[in-house]
Amino acid sequence: MIETHLFSHPLEETAFDEVTKTVNFKSVLEDQYIHFEEKKRKPDLLGKTVKVSERQFPEVFYIVKKIEQRTRLKMPDIFVYEDFFYAIESKGIDNPWIEVSASMITDFTEKELEFMLAREICRVYYKHTHYTTLMNESLEMYAKGLIPFSNGIVGDVAKVIFYRWNRLANYSADCFGYLICMDLHASTKSILKCVLNSKFLANNINLAEYLKQAEAINELHDSVYESTKIDEQYPYGPFRIKNLIAFASSERMIRANKQLKNFKEVGQ
């Protein structure tokens, strides 16, 4: 696998340490999810979605196989479902899988799909999916009054800790996705389509103007503004694109790309 520090956000490791200190009864939550929630989802996946294979959505299958060959990360099961939203999400702990909406496959180019699939594969193999699942399970159990968090941490504080790490982890996944597709236009367009859920809006954006919205967000400082910003589980679109553009021209990206090329040469 690619060395994590070559694409991960510099603050992600520290934020992750806070998550691990906050989650209580980790093994109990994992066991509960693997033996109940994960099993409950399997029949619905097989009965209500379409599993990607060489004969079903072969264009998706071959994109992921190409990613597998380049990164040595085994292709997870992928399921396609009908939805109006441009959506893709990796789920599971013991045997993770990826769910992707048919509208995304229909409206995204091959390079855009490669970016989106690569970032979810990153989330699976670098444990983002694992800990996002634990995070959500913890918050749900806490809301039901079933488990406390570590050291007397209350639910609202835990959510802030979890959400901060998840935003940083998503920046890291974006950078990994770019490393695989190596197409900045396709990567930024994918982010825009997902955030705005509109091909029309994504195609009619002036990127320089759009990125100014990040500056406007940063100027919102009072307690209401700040509480709204920290309650976001995913980064705002302008921030994601600014982070990706910075990474694309960085020394870290060059080193990570060389590492990927070495994987390919060794595998030939």
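The values are calculated or read from the model by the stated rules, or taken from the named source; none is laboratory data. Fair warning: this is a prediction, and the values are worked out from it, not measured in the lab. Methodologically, a virtual Cβ is constructed for each residue, glycine included, from the backbone with ideal geometry; neighbour enumeration extends over all protein chains shown. Heavy atoms of the whole protein, side chains included, go into the accessibility calculation; ligands, DNA and RNA do not. Shrake-Rupley method; radii C 1.70, N 1.55, O 1.52, S 1.80 Å.
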Checking THR4 against (1) over 16 Å from the mean Cα position of the chain (by Cα); (2) within 24 Å of CYS181 (Cβ to Cβ); (3) open to solvent by 40 Å² or more (accessible area, probe 1.4 Å), the condition it does not meet: (1)
Residue count for region 137-152, restricted to those that are at pLDDT below 80, assigned to a helix (DSSP H, G or I) and open to solvent by less than 70 Å² (accessible area, probe 1.4 Å): 3
Subset of region 51-72 (residues that are open to solvent by less than 80 Å² (accessible area, probe 1.4 Å) and within 15 Å of PHE115 (Cα to Cα)): VAL60, PHE61, ILE63, VAL64, LYS65, LYS66, ILE67, GLU68, ARG70, THR71
Condition check for SER172: at pLDDT 95 or above and surrounded by 19 or more Cβ atoms within 10 Å (Cβ to Cβ): yes
Condition check for ILE241: assigned to a loop (DSSP other than H, G, I, E, B) and either among the basic types (Lys, Arg) or in contact with a Leu (Cβ under 7 Å, 6 or more places away or on another chain) (or both): no
Selection from region 208-226 of residues that are open to solvent by 60 Å² or more (accessible area, probe 1.4 Å) and either within 21 Å of PHE108 (Cβ to Cβ) or of a type in the set (Gly, Ala, Ser) (or both): ALA208, SER223
Pairs where the first residue, in region 16-31, is in contact (Cβ under 8 Å) with a residue 12 or more places away in the chain and within 20 Å of ASP94 (Cβ to Cβ) and the second is among the polar types (S, T, N, Q) and buried (at least 18 other Cβ atoms within 10 Å of the Cβ), C-beta under 6 Å, 6+ apart: VAL23/SER138
TYR225 under 16 Å from the mean Cα position of the chain (by Cα) and at pLDDT 95 or above: no
Region 214-230 residues that are in contact (Cβ under 8 Å) with a residue 12 or more places away in the chain and assigned to a helix (DSSP H, G or I), paired with ones that are among the β-branched types (Val, Ile, Thr) and open to solvent by less than 70 Å² (accessible area, probe 1.4 Å) (beta carbon under 6 Å, 6 or more apart): ILE230/VAL160
Those residues of region 96-121 which are among the small types (Gly, Ala, Ser), open to solvent by less than 10 Å² (accessible area, probe 1.4 Å) and either in a strand (DSSP E or B) or touching an Asp or Glu at 6+ places or on another chain (Cβ under 9 Å) (or both), in sequence order: SER101
Residues that are exposed (fewer than 12 other Cβ atoms within 10 Å of the Cβ), at pLDDT below 95 and not acidic (Asp, Glu), drawn from region 243-265: LYS258, LYS261, ASN262
